[in-house]
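The values are calculated or read from the model by the stated rules, or taken from the named source; none is laboratory data. Computed from a prediction, not measured in an experiment: that's the story for all the values here. Reconstructed Cβ throughout: ideal geometry from the backbone, glycine too, with neighbour counts over all protein chains shown. To get the accessible areas, we keep the full protein, side chains included, count just its heavy atoms, and leave off ligands, DNA and RNA. Shrake-Rupley method; radii C 1.70, N 1.55, O 1.52, S 1.80 Å.
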Amino acid sequence: FDELLEIVHDLKKKKRKLAWTNGCFDLPHEGHSRHLRASKRFGDYLLVGVNSDSSARQIKGPKRPVMGENARAEVISSFGCVDYVIIFPELNVTKYLSAFQPDFYVKGGEYNQETINQKEREIINSYEGRIVFTGDKINSTTDVINKIKYEK
């Protein structure tokens, strides 16, 4: 966190635009790829928060994530559009939005202003950042897992 915070401060001094997105990214698929590429279009640098195993489990259930946090972070960091990745243990990203103050908070098409975490929304609004939504809901990881489990 401290290392990325120092990098963010340096980028802001250089007037670079920062985009932030986050998620579990369990079993990365084309929906993740499209979202990350779309997210990068908003900033000079894309920061991605990846839920830790414990927070992903709390969100997705006891049998998730399928891939461990380090593996998920490694896969996400391999996308050319992703500049920095951080694994976070919390259930929301208020700490990271407050500290990094990205110019753009990018959420997937399954969200809207009413369904995103309202504390996160308040933080972005407090410093006049922008919340943007990308694309539509293509496969979710749950959809992919169900297809594997039930398709014969």
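For this structure, a couple of remarks:
- Residue count, the range 93-103 (criterion: within 13 Å of the chain's Cα centre (by Cα) and surrounded by fewer than 17 Cβ atoms within 10 Å (Cβ to Cβ)): 1
- Of everything listed in (1) in contact with a helix residue (DSSP H, G or I) (Cβ under 8 Å, 6 or more places away or on another chain); (2) closer than 21 Å to LEU5 by Cβ, the single unmet condition for GLY43 is (1).
- Top-ranked residue in the range 108-122 [being open to solvent by 20 Å² or more (accessible area, probe 1.4 Å), of a type outside the set (S, T, N, Q) and out of contact with any Lys or Arg (no Cβ under 7 Å at 6 or more places or on another chain); ranked as nearest to GLY23 (Cα to Cα)]: TYR111
- Test: residue in the range 90-103 that is at pLDDT 95 or above and assigned to a strand (DSSP E or B): no
- The number of residues in the range 42-71 being open to solvent by 20 Å² or more (accessible area, probe 1.4 Å) and assigned to a helix (DSSP H, G or I) comes to 9.
- Whichever residue in the range 27-41 is assigned to a helix (DSSP H, G or I) and in contact (Cβ under 8 Å) with a residue 60 or more places away in the chain and, among such residues, is most open to solvent (accessible area, probe 1.4 Å): ARG34
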